[in-house]
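The values are calculated or read from the model by the stated rules, or taken from the named source; none is laboratory data. Predicted, not measured: the structure shown is a model, and the values here were computed from it. Reconstructed Cβ throughout: ideal geometry from the backbone, glycine too, with neighbour counts over all protein chains shown. Please note that ligands, DNA and RNA were not included when accessible areas were found on the heavy atoms of the full protein model with its side chains. Shrake-Rupley method; radii C 1.70, N 1.55, O 1.52, S 1.80 Å.
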Amino acid sequence: MLLDKPAGITSQSAVTRAKNLYSAAKAGHTGTLDPMATGLLPLAFGEATKFSNALLDADKTYGAIVRLGMTTTTGDLEGAMVSRASVNVSRVEVEAVLDRFRGDVMQMPPMYSALKHAGKPLYVYARAGTEIARAPRQITISALELESYDGTELTITVTCSKGTYIRVLAEDIGKALGCGATLAALRRTKVGHYGVEDASTLEALGELCEEERMARLLPVDALLVGLQCCALDADRASQVVRGQTVGCPEGLTPGLTRLYGPDQAFLGLAEVVDERWLRPRRLLASEAVKA
């Protein structure tokens, strides 16, 4: 389902509350939003969690407000103040700096993050005052637009690859402008093919009856929009759900494909090998297929 996460709670707290609303045995999200951030947080329940990587790996779009002239310990307004500086930056200078961050860039993961070191999240070390050496990672910023600038705050729209930290982008913009910056607000508006305009809030879900709430759920294969698909006859579908490799129908290209049975029931994912074979990769449990 598509959730519009409120500010002030962690992504995991949002998952837990939604999980309780749906009485789900298993639930997860498809990409963390910081507590201060709002916006689109796709959730997966039950068997759908097997396929959540598709949206974890998808590009994401954010609206962000970057406040110039200050830095904090966390890169956003939830952290303690580190420095202040005067701001004397023109819109032309801002536009020129933003251009440096479009395309493939290297970004240093922040200490206040859930990345692991020796089995513990980096934020645990950060809270204890310990700095851990990190290596920069390549990210891709496919779109970065300046929506407004009032002399102290700039509003930007960012479309970026998996693993991009908008807090770090805000800090890096401030460094490049010479005055420092921190993230003042963040809202995720798009994940893959899905937009926040189609999402529901926890409050709204809580007010619905069970039937209405269930109607907000998307089918499992909604996670895999964009992948090629393949319909199997009854014999090959029966073999696939038992984990067997089968002959590949014509017209499929090498790579992952969605699998459907003769009744159009979603079966799971397979890999097309040499345009000759379908090798099961991740399947729904047989009980889920029957349902």
Among residues of segment 47-78, those that are over 22 Å from Leu122 (Cβ atoms), open to solvent by 20 Å² or more (accessible area, probe 1.4 Å) and among the hydrophobic types (A, V, I, L, M, F, W, C), counted:
2
Filtering segment 183-224 for residues that are open to solvent by 20 Å² or more (accessible area, probe 1.4 Å) and farther than 23 Å from Gly63 by Cβ leaves a count of 17
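Would you mind stating whether Ala37 is crowded, with 21+ Cβ neighbours inside 10 Å, within 23 Å of Arg127 (Cβ to Cβ) and in contact with a strand residue (DSSP E or B) (Cβ under 8 Å, 6 or more places away or on another chain)? Write out each step before concluding.
Values: crowded, with 21+ Cβ neighbours inside 10 Å: yes; within 23 Å of Arg127 (Cβ to Cβ): yes; in contact with a strand residue (DSSP E or B) (Cβ under 8 Å, 6 or more places away or on another chain): yes.
Considered against the rule, which asks whether it is crowded, with 21+ Cβ neighbours inside 10 Å, within 23 Å of Arg127 (Cβ to Cβ) and in contact with a strand residue (DSSP E or B) (Cβ under 8 Å, 6 or more places away or on another chain), Ala37 comes out as yes.
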If a residue must be under 17 Å from the mean Cα position of the chain (by Cα) and among the charged types (D, E, K, R), how many such residues does segment 138-171 contain?
2
If you take just the helices (runs of 4 or more DSSP H) that sit entirely in segment 142-227, which of them hold at least 1 residues that are touching an Asp or Glu at 6+ places or on another chain (Cβ under 7 Å)?
166-177
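Can you find, within segment 79-108, the residue that is nearest to Thr155 (Cα to Cα) among those that are open to solvent by 100 Å² or more (accessible area, probe 1.4 Å) and touching a strand residue (DSSP E or B) at 6+ places or on another chain (Cβ under 9 Å)?
Once the filter is applied, the top-ranked residue is Arg91.
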Out of everything in segment 114-137 that is assigned to a helix (DSSP H, G or I) and touching a Phe, Trp or Tyr at 6+ places or on another chain (Cβ under 8 Å), what residue ends up being surrounded by the fewest Cβ atoms within 10 Å (Cβ to Cβ)?
Tyr123
Expected output for segment 199-223 (first residue farther than 19 Å from Gln264 by Cα, partner among the basic types (Lys, Arg) and open to solvent by less than 40 Å² (accessible area, probe 1.4 Å), Cβ below 9 Å, 6+ apart or cross-chain) is Ala199/Lys5; Ser200/Arg213; Thr201/Lys5; Leu202/Lys5; Leu205/Arg213; Gly206/Arg213
Options Pro254, Pro219; residue that is over 25 Å from His29 (Cβ atoms) and modelled with pLDDT of 90 or more:
Pro254
Kindly check whether there is at least one residue in segment 156-167 that is open to solvent by 30 Å² or more (accessible area, probe 1.4 Å) and over 22 Å from Leu56 (Cα atoms).
no
